[in-house]
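Below is one structure, written out as structure tokens; the observations come after it.
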Amino acid sequence: MNRRHFTTAALSAGALAAARSAGAEEGASTAAKFRLKYAPHPGMFRHHAGDDYIDQLKFIADEGFTAWEDNGMMGRPPELQEKAAKAMADLGITMGVFVAHPIVNTANFAAPKPGEVDALLEKMKQALECAKRVNATWMTVVPGNFTTNLEWDYQTANVVDTLKRCSEVFEPDGKVMVLEPLNAWTNHPNCFLTKIPQAYQICRAVGSPACKILDDFYHQQITEGNLIPNFDKARSEIAYVQVGDNPGRKEPTTGEVNYRNIFKHLHATGWDGVVGMEHGNSQGGKEGERAVIDAYRWCDGF
């Protein structure tokens, strides 16, 4: 069965309509809140909400979303950061991740050059200040690429040492770096951190509550699969989840990953963290945006 067709059929039968108020104003929704904290990102629903940052937050709240993530938050003006934080607080939206440092051309944690770690620590301090302004707990950190002229175990030790120093920046304020393993096949060739067991080993070695894992199921479906068992095994070190279907990195129901079953498992095991919607829309315009929301409604129905 085509899951997209099943989604549309199920929703048209009344599941989505029942969640909306018949008296809502044109273009608005009073949809029931999702069971999990799915987090859209800026621009995902721009055809409905427009380009204004605060209007986008209001739209997702109207649609039942209770979280938000913005990889580029550090680059936004402080006054907008503060305005967004107030809007999220008023709307009951949890701020998810933003990227703490440039992922491309970043400091090489595995074999740092002189001065790179000190420069990285300055960037972490800037990320901390941003996190305070937007009431964020989690910041994405990627350890960069591996090198070919140093034994792998030495590189791992260097990554651990660098992350220990970064943890010292965040730990006093209860903020958390989340390490994201990336796939080297389609998106990030030569990246050092690629798998959940590898991230688990590193976080255990760092030994800080400020250093945890971001488990992006899109990347892990490509790199290693075994999504639910690896999540369960590494659960103690996982602080954040992101999703995207494969192939294509679009919304759930467009690829091979059974997100309805994954979301059911997350809910059943007590996951109350954010689930970042780290993907594009499979269709354009308002129709494509509504398809994204419908897909999450169906998957969230378990």
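The values are calculated or read from the model by the stated rules, or taken from the named source; none is laboratory data. All of these numbers come straight from a predicted model, not from anything done at the bench. Neighbour counts run over all protein chains shown; Cβ positions are idealised from the backbone, glycine included.
One residue stands out among those in segment 47-77 that are under 22 Å from V99 (Cβ atoms) and free of Cβ contacts under 8 Å to residues at least 24 places away in the same chain: the one that is surrounded by the most Cβ atoms within 10 Å (Cβ to Cβ), which is Q56.
Whenever a residue of segment 256-278 is over 23 Å from A136 (Cβ atoms) and in contact (Cβ under 8 Å) with a residue 40 or more places away in the chain, its partners that are of a type in the set (V, I, T) and surrounded by fewer than 20 Cβ atoms within 10 Å (Cβ to Cβ), lying with C-beta atoms within less than 9 angstrom and at least six residues away or across chains, give the pairs I262/I228. All conditions in (1) touching a residue at least 24 places away in the same chain (Cβ under 8 Å); (2) of a type in the set (G, A, S); (3) assigned to a loop (DSSP other than H, G, I, E, B) hold for A291, with the sole exception of (3). Of the helices (runs of 4 or more DSSP H) lying entirely inside segment 176-248, those containing at least 1 residues that are among the aliphatic types (A, V, I, L, M) and touching a strand residue (DSSP E or B) at 6+ places or on another chain (Cβ under 9 Å) are 196-206, 227-233. Filtering segment 104-157 to residues that are in a helix (DSSP H, G or I), under 30 Å from D90 (Cα atoms) and not charged (D, E, K, R) leaves M124, Q126, A127, L128, C130, A131, V134.
Mind listing just one residue for me: the one in segment 207-259 that is aromatic (F, W, Y) and over 13 Å from the mean Cα position of the chain (by Cα) and, of those, nearest to G280 (Cα to Cα)?
So in segment 207-259, the residues aromatic (F, W, Y) come out as 217-218, 231, 240, 259.
In the following step, the residues that additionally are over 13 Å from the mean Cα position of the chain (by Cα) were identified as 231, 259.
Details: F231: 23, Y259: 16 Å.
So, considering only residues that are aromatic (F, W, Y) and over 13 Å from the mean Cα position of the chain (by Cα), the one nearest to G280 (Cα to Cα) is Y259.
Condition first: surrounded by fewer than 17 Cβ atoms within 10 Å (Cβ to Cβ) and under 19 Å from Q221 (Cα atoms). Now tell me which residues in segment 265-279 satisfy that.
If we filter segment 265-279 for residues that are surrounded by fewer than 17 Cβ atoms within 10 Å (Cβ to Cβ), which is where we start, we get 265, 267-270, 272.
The one that is surrounded by fewer than 17 Cβ atoms within 10 Å (Cβ to Cβ) and under 19 Å from Q221 (Cα atoms): H265.
Quick one: which residue in D51, D55 is over 30 Å from F302 (Cβ atoms), among the acidic types (D, E) and not in a helix (DSSP H, G or I)? Walk me through how you get there before you give the answer.
Details: D55 fails: not in a helix (DSSP H, G or I).
On inspection, the qualifying residue turns out to be D51.
Pull up segment 156-192, narrow it to residues that are among the small types (G, A, S) and in contact (Cβ under 8 Å) with a residue 12 or more places away in the chain, then point me to the one that is surrounded by the fewest Cβ atoms within 10 Å (Cβ to Cβ).
So, considering only residues that are among the small types (G, A, S) and in contact (Cβ under 8 Å) with a residue 12 or more places away in the chain, the one surrounded by the fewest Cβ atoms within 10 Å (Cβ to Cβ) is G174.
Mind telling me which of the residues T186, T162, T194, T148 ends up being more than 30 Å from P78 (Cα to Cα) and either over 20 Å from the mean Cα position of the chain (by Cα) or small (G, A, S) (or both)? Lay out the reasoning, then the answer.
Numbers: T186 fails: either over 20 Å from the mean Cα position of the chain (by Cα) or small (G, A, S) (or both); T162 fails: more than 30 Å from P78 (Cα to Cα); T194 fails: either over 20 Å from the mean Cα position of the chain (by Cα) or small (G, A, S) (or both).
Answer to the selection: T148.
Among the numbered conditions (1) surrounded by fewer than 16 Cβ atoms within 10 Å (Cβ to Cβ); (2) assigned to a helix (DSSP H, G or I); (3) without any contact (Cβ under 8 Å) to a residue 24 or more places away in the chain, the only one that L80 does not meet is (3). Close Cβ contacts (under 7 Å, 6 or more residues apart or on different chains) running from residues in segment 123-152 that are within 18 Å of C211 (Cβ to Cβ) and among the aliphatic types (A, V, I, L, M) to residues that are surrounded by fewer than 18 Cβ atoms within 10 Å (Cβ to Cβ) and modelled with pLDDT of 95 or more comprise L128/D173.
On the stretch given as segment 95-132, residues that are surrounded by fewer than 18 Cβ atoms within 10 Å (Cβ to Cβ), within 22 Å of I54 (Cβ to Cβ) and within 19 Å of the chain's Cα centre (by Cα) total 1.
Just one residue in the set T140, T186 is β-branched (V, I, T), at pLDDT below 95 and more than 14 Å from F109 (Cα to Cα); that residue is T186.
I'd like to verify a number: residues in segment 82-108 that are within 30 Å of N158 (Cα to Cα) and modelled with pLDDT of 95 or more, how many? Steps first, answer last, please.
Just the residues of segment 82-108 that are within 30 Å of N158 (Cα to Cα), to begin with: 96-108.
Still in the running and modelled with pLDDT of 95 or more: 96-100.
Qualifying residue count for the region: 5.
Number of residues in segment 167-208 that are in contact with a Phe, Trp or Tyr (Cβ under 9 Å, 6 or more places away or on another chain) and closer than 21 Å to V117 by Cα equals 10.
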